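What follows is a set of notes on a single structure, which appears directly below.
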Amino acid sequence: MVELIRIPLNDIVSKIKEKTGLSEQQILEKVDKKCQQLAGLVSKDGAAHIIANELGVKLLEHGGRQKIKDIFAGMRSVEIVGRILQVYEPKDFTRSDGTPGKVGSFSIGDETGMTRVVCWGEQTSILRDLKPGIIALIVNAQARDNNRGFKELHLSEQSRVAVNPPGETVGEVKERSQAARKAIKELSEQDANVEILGTITESFAPKFFEICPQCNKSAKQGNCAQHGQVTPNYSCVFNVILDDGSDNIRVVFFRNQMERLLNKSTEDILAYRENLDSFEQVRSDLLGHIIKVVGKVNRNMFFDRLEFVAQLVFANPNPDEELARLSAQA
Ligand SMILES: [Zn+2]
């Protein structure tokens, strides 16, 4: 399977900014101009690649060790050294052919960011040696996008993990930085890790879809692109319109964040699949609620509109804190 390395536009822009000293606006103007020159033959990402090339900015450092911020989906043979942040219990599952499988994960960080590392089968035994705080060297991992658009590393038979490798140090780990608050009208396609606060003015029925029990990617009629015929699990997506007075935007919640928003369990949420009518009350109860959401802006290609994908939702923001924050900014 050929998987192209996909570098998001905002990462290309920040790389060009870092290497050339051009401002974000100057770079985006060049990107727009290139898009126009090529009469819509390339996407903004594509145009940004071309601009980087023209300016002699290398987007990918080939070979050798990477910093976490420079890892992009599609890269193979990734090598990083970082500090273990969290270790999750491995989970057993049954493949469609009835054979048992096992999947586990941990998170690791360096001075530039953090990422999740996924391991399968026998590889999950390394989780026993990992504890938060220790340094680990990972060699030959593969970077992929998960189904939420975040990068993660996958370990294979060829991957190696060394615990407390001699002579290796890691500086202070850059955990997800505090999200910047933005007014909805200020949001742009490059925004990631931003926070918005607003009132729910519309809400829609959730849409349920099949996911593969092995890789959690979407499955179609019990068929996973990677794992073939499977007995699917279900996940869902739920949208609301959030309005903060400056503008409004559609906010997209996947199952985890939908659970947080509604303060319901996975079982409660999945039960609505069989009984969507019972969701009607929940849906209308949400109208008028003020919520705070951290996430990123995404262009929905199908509808050609910007959407806000929730990564963390605060269903009951503290009004005093929010007022204090507003007056501090004023
Ligand atoms: Zn699968």
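Among the listed residues Glu152, Glu168, Glu175, identify the single one that is within 16 Å of the ligand (Cβ to nearest atom) and touching a residue at least 12 places away in the same chain (Cβ under 8 Å).
Exactly one of Glu152, Glu168, Glu175 is within 16 Å of the ligand (Cβ to nearest atom) and touching a residue at least 12 places away in the same chain (Cβ under 8 Å), namely Glu152.
For Ala219, work out the one condition from (1) within 14 Å of the ligand (Cβ to nearest atom); (2) at pLDDT below 90 it doesn't fulfil.
Among (1) within 14 Å of the ligand (Cβ to nearest atom); (2) at pLDDT below 90, Ala219 violates only (2).
Asn275: modelled with pLDDT of 95 or more and over 20 Å from the mean Cα position of the chain (by Cα), yes or no?
For Asn275, the condition - modelled with pLDDT of 95 or more and over 20 Å from the mean Cα position of the chain (by Cα) - is not met.
Just to be sure before I move on: is Asp244 touching a helix residue (DSSP H, G or I) at 6+ places or on another chain (Cβ under 6 Å), away from the ligand (no atom under 16 Å from the Cβ), in contact (Cβ under 8 Å) with a residue 60 or more places away in the chain and of a type in the set (Asp, Glu) in the structure I sent?
Judged against the criteria, Asp244 is a match.
Among the listed residues Ile196, Ile184, which satisfies the condition of being among the β-branched types (Val, Ile, Thr) and either closer than 17 Å to Tyr88 by Cα or touching a helix residue (DSSP H, G or I) at 6+ places or on another chain (Cβ under 9 Å) (or both)?
Ile196
In the range 193-216, what residues are touching a Phe, Trp or Tyr at 6+ places or on another chain (Cβ under 9 Å), more than 14 Å from the ligand (Cβ to nearest atom) and part of a loop (DSSP other than H, G, I, E, B)?
Within the range 193-216, Phe204, Ala205, Pro206 qualify.
Which of the residues spanning the range 261-308 are surrounded by 12 or more Cβ atoms within 10 Å (Cβ to Cβ) and of a type in the set (Ser, Thr, Tyr)?
Selection gives Thr266, Tyr272.
Does Asn146 fit the bill of being among the polar types (S, T, N, Q), under 26 Å from Ser14 (Cα atoms) and within 14 Å of the ligand (Cβ to nearest atom)?
Judged against the criteria, Asn146 is a match.
Being in contact (Cβ under 8 Å) with a residue 40 or more places away in the chain and in a loop (DSSP other than H, G, I, E, B) is the filter; apply it to the range 178-192 and report the residue that is nearest to Val313 (Cα to Cα).
Among residues in the range 178-192 that are in contact (Cβ under 8 Å) with a residue 40 or more places away in the chain and in a loop (DSSP other than H, G, I, E, B), the one nearest to Val313 (Cα to Cα) is Ala179.
Take the range 218-239 and flag every residue that is at positive phi and assigned to a strand (DSSP E or B).
Hit for the range 218-239 is Gly228, nothing else.
Take the range 126-158 and flag every residue that is more than 29 Å from Ser235 (Cα to Cα) and assigned to a loop (DSSP other than H, G, I, E, B).
Listed by number, the residues that qualify are Leu130, Lys131, Pro132, Gly133, Ile134, Glu157, Gln158.
Tell me yes or no: at least one residue of the range 15-37 is among the hydrophobic types (A, V, I, L, M, F, W, C) and at pLDDT below 85.
no
Specify which of the listed residues (Val81, Val87, Val57, Val31) is touching a residue at least 12 places away in the same chain (Cβ under 8 Å) and in a loop (DSSP other than H, G, I, E, B).
Val57
The values are calculated or read from the model by the stated rules, or taken from the named source; none is laboratory data. Just so you know, these numbers come straight off a predicted model, no measurement behind them. We place every Cβ from the backbone using ideal geometry, glycine too, and count neighbours over all the protein chains shown.
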